[in-house]
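Asks: Sharing a structure here in structure tokens format.
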Amino acid sequence: MLTEKIMVEITYDGEKTYVSITNKAPWDAKEDVAYIAKTLLVGEQKQSKSIGTKKSKTLIKKVDAVTVEINGVKLSLDDKSVNKVAGTDYCVYEQNGTYVISDNKNVKNAKKIGGFHYGLISENFIAQNNIDKKHASKIAGINAYSIWDEKHRPTCEPYGMVYVKKANIWVDIYLCNSDYKNVGTSFAKGAILAGYESEGRELPNDFEEFKYKDFVDAGNEFGKRMLTKDEFQIAMDGVKENVSAEDLDNGKIQHIDFLTSKFGIEQATGVQWVWSADKYKDYDDRAVILGGNRGGGVNVGSRASNWLDYVGSANWGLGCRFACDHVKNYLVRCWE
């Protein structure tokens with residue numbers, strides 16, 4: 001159908017926008033919707049080109065600690081064909097008319113539908129501290145908050161991350177590790193990356209110290225950013241407040257039950273201060289640090305913050321956990 005003028009209604013993350021455009025080419029929904037979105041949403045990060053998506057809901061559902069379901073097909077990590085390892089990301093593929101799961105991120109002759117993270121948290125994990133029964137069930141074994149697909153996902157690679165709905169962001173499950181260039185910023189083992197090497201913390205090769213700007217650069221390399229103080233408080237909720245790791249910490253990425261958030265974020269507080277995106281209004285050379293370190297005792301927790309650190313400083317007790325924005329979906333209606 002040929003047309004000169006088209007009225008477009010775009011519902012973008014719940015907000016409606018109306019615009020009249022000129023379109024001299026034959027109407028092709030997929031191509032023109034992509035063009036409209038790209039034109040009108042200039043300046044935004046890459047968007048998912050989903051037509052008719054009103055809410056961000058994943059197609060994959062958690063059934064139990066080792067099982068997910070997609071379109072009525074249940075897939076289990078206990079299947080003999082699956083290599084089940086705690087702290088691993090799995091992808092869901094459509095292949096030969098059915099669905100399969102694999103820890104291989106690039107299966108040939110198969111369409112990647114989505115995925116999830118099978119964490120370090122026990123399959124038998126139960127409610128404790130500030131984590132209620134509902135959240136405990138969601139993070140035991142397969143982490144329900146880590147499930148992603150092409151419409152429900154972060155703008156960066158989704159591996160090792162969880163979706164925190166209240167903040168509408170994705171957060172790394174694990175503290176950034178010293179080998180992030182090879183394994184990514186959220187990996188279930190390795191040494192914690194810190195300002196300098198001590199107490200089990202390590203630095204990447206060719207670094208004698210790691211400062212604020214270095215952490216910013218590390219996040220940018222993977223399309224991620226630092227958390228704000230408000231985001232941190234929401235994402236780390238559920239930990240046992242005012243308690244630190246003490247001697248349980250050895251400088252390594254690991255699971256510590258009482259320092260896990262209700263979203264399954266590991267070593268959420270009380271292990272390592274993490275840099276934040278927040279800086280002093282009048283002092284750009286200072287940034288807020290969050291969560292508290294391993295010896296902080298009653299001064300650590302989801303609401304713990306320190307406002308005295310200079311971005312030029314480096315300390316073995318200073319590290320980072322990254323976040324990423326959620327892909328924004330849009331719904332488009334067009335008429336002459």
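The values are calculated or read from the model by the stated rules, or taken from the named source; none is laboratory data. Remember, predicted model here, so these are calculated numbers, not experimental data. Note: ideal-geometry Cβ built from the backbone for every residue, glycine included; neighbour counts use all protein chains shown.
Asks: Which one is surrounded by the most Cβ atoms within 10 Å (Cβ to Cβ) among residues in segment 198-235 that are in a strand (DSSP E or B) and either among the basic types (K, R) or more than 20 Å from the chain's Cα centre (by Cα) (or both)?
Replies: E202
Asks: Among the residues that make up segment 56-75, is at least one of them among the polar types (S, T, N, Q), farther than 28 Å from A136 by Cβ and at pLDDT below 95?
Replies: no
One line per residue, one yes/no per condition, for (1) aromatic (F, W, Y); (2) under 26 Å from the mean Cα position of the chain (by Cα):
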| residue | (1), (2) |
| --- | --- |
| G251 | no, yes |
| K262 | no, yes |
| W273 | yes, yes |
| Y283 | yes, no |
| G297 | no, no |
| G301 | no, yes |
| V311 | no, yes |
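Asks: A further question on this structure: Could you tell me whether segment 300-309 includes any residue that is in a loop (DSSP other than H, G, I, E, B), hydroxyl-bearing (S, T, Y) and either on the phi < 0 side of the Ramachandran plot or in the same structural domain as I147 (by TED's automatic domain parsing) (or both)?
Replies: Yes, the conditions are met somewhere in segment 300-309.
Asks: With F215, F207, F232 as the choices, which residue is closer than 24 Å to I169 by Cβ, of a type outside the set (G, A, S) and out of contact with any Phe, Trp or Tyr (no Cβ under 7 Å at 6 or more places or on another chain)?
Replies: The unique qualifying residue is F232.
Asks: Same structure, new question: From the set of residues in segment 236-274 that are of a type in the set (V, I, T) and in a loop (DSSP other than H, G, I, E, B), which is surrounded by the most Cβ atoms within 10 Å (Cβ to Cβ)?
Replies: Across segment 236-274, the extreme among qualifying residues is T269.
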